[in-house]
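The values are calculated or read from the model by the stated rules, or taken from the named source; none is laboratory data. Keep in mind that this is a model prediction, so the values were computed, not measured. Cβ sites come from the backbone with ideal geometry, for glycine too, and all protein chains shown count toward neighbours.
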């Protein structure tokens, strides 16, 4: 069983690390970070760099595909090496998944036409352009396609999918091992819950960030 | 303002990435991943490698120190370069913090004697050896020392500390931007909540892992 986590320049680190730390604990699974070329891939802040241990050409038939999101996604919407690899990998994958704006890359590859899907709340509407049905839930299953909302939601997606594959008890063990008993100091993690003026401020900023 | 996140061979990736993705969004802050030597540092699973962009010698007076945990911590409890750097950095830091078993390294450096502190639930008792008072809470403040529980708790620690430094509204904005509205599929993230037999199984396994 191979899990391929797709990363790219200006990805959001937690998008990739959430599923890695949960789903990646699947017994017997090999998790690989994959990009067009091997080597360092730097995150959106510029302060973190992960290694892509494998290039697309070296990962031909992963069982599970996880596509991270982040500001770098916008530049990849017509990137042929990425879209070609996604289509080939998806042809034989058991699950094809994304976190945050990674779902826009799944959509660009043509996977989400007519399907329910989610994304970062600021990017949700963009799914419509590709025929997907924006679904403001944290983790959305539609057939073998699993999309997660913004950034931190990949932890919930990873545990949920882990439970489907390895059983509830195994997923609970991973939740316990990672001490995932969240206690955020605020209840501001979604646009429905955050103070309205903060939602509007971020929405205004996003016009410059998410192009 | 400089935030130094200490990583090492066999660290747990989410321990480091949780604070990076939250606290690291502090306005005007530079976040650096630091290790004894620059270059790749591989995580506990072996499947993820981060770059330490700076060596200890290059980071002399960070404002905030964050020490990650993970199985690699055990081999470092008497590591002089690390302990020397921690003591020098702590002498001028505003906040000295840890996630997971990173608190055992803070304890080994002598910072937690007589202080309340937390750690991964499986390692909590080990704090006593260093005169600390094990405190089974998710985020524990004692003076300028902030310790977080296992792995995922670094997200809560990062947001909490961000709020103290940059104000509640700024921290809420980061929570909203990272869509940190956790919805775990199970309620098994702490030993009080998980099924008892899973807690016992992990405890038995940990005798081999946490040496």
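Tell me which of these residue B:136 doesn't satisfy, since it passes every other one: (1) surrounded by 15 or more Cβ atoms within 10 Å (Cβ to Cβ); (2) more than 9 Å from chain A (Cβ to nearest Cβ).
Every listed condition holds for residue B:136 apart from (1).
Hey, does segment B:47-58 have a residue that's away from chain A (no Cβ under 12 Å), surrounded by 20 or more Cβ atoms within 10 Å (Cβ to Cβ) and modelled with pLDDT of 95 or more?
yes
Under 8 Å by Cβ, and 6 or more places apart or on different chains, what pairs join a residue from segment A:135-160 that is at positive phi with one that is not in a loop (DSSP other than H, G, I, E, B)?
Close Cβ pairs (under 8 Å, with a partner that is not in a loop (DSSP other than H, G, I, E, B)) amount to A:151/A:14; A:151/A:15; A:151/A:18; A:151/A:99; A:151/B:21; A:151/B:177.
Pull up segment A:158-173, narrow it to residues that are assigned to a helix (DSSP H, G or I) and more than 29 Å from residue A:191 (Cβ to Cβ), then point me to the one that is nearest to the chain's Cα centre (by Cα).
Step by step, filter segment A:158-173, then rank; the result is A:165.
Within segment A:83-95, can one find any residue that is touching a strand residue (DSSP E or B) at 6+ places or on another chain (Cβ under 6 Å) and in a strand (DSSP E or B)?
Looking for residues that are touching a strand residue (DSSP E or B) at 6+ places or on another chain (Cβ under 6 Å) and in a strand (DSSP E or B), one finds at least one in segment A:83-95, hence yes.
Looking at (1) surrounded by fewer than 24 Cβ atoms within 10 Å (Cβ to Cβ); (2) part of a helix (DSSP H, G or I); (3) at the interface with another protein chain (Cβ under 7 Å from one of its Cβ atoms), which one does residue B:155 not meet, given that it meets all the others?
All conditions pass for residue B:155, except number (1).
Could you identify the single residue in A:123, A:166, A:107 that is more than 9 Å from chain B (Cβ to nearest Cβ), in contact with a strand residue (DSSP E or B) (Cβ under 8 Å, 6 or more places away or on another chain) and in contact (Cβ under 8 Å) with a residue 12 or more places away in the chain?
Of the residues listed, the single one that is more than 9 Å from chain B (Cβ to nearest Cβ), in contact with a strand residue (DSSP E or B) (Cβ under 8 Å, 6 or more places away or on another chain) and in contact (Cβ under 8 Å) with a residue 12 or more places away in the chain is A:107.
Checking residue A:180 against (1) over 15 Å from the mean Cα position of the chain (by Cα); (2) within 11 Å of chain B (Cβ to nearest Cβ); (3) in a loop (DSSP other than H, G, I, E, B); (4) over 25 Å from residue A:45 (Cβ atoms), which test does it fail?
(4)
If you check B:65, B:17, which single one turns out to be in a strand (DSSP E or B) and either touching a strand residue (DSSP E or B) at 6+ places or on another chain (Cβ under 7 Å) or within 14 Å of chain A (Cβ to nearest Cβ) (or both)?
B:65
Could you please find all residues in segment A:21-46 being more than 19 Å from residue A:106 (Cβ to Cβ), away from chain B (no Cβ under 12 Å) and either assigned to a strand (DSSP E or B) or touching a strand residue (DSSP E or B) at 6+ places or on another chain (Cβ under 9 Å) (or both)?
Correct list: A:37 only.
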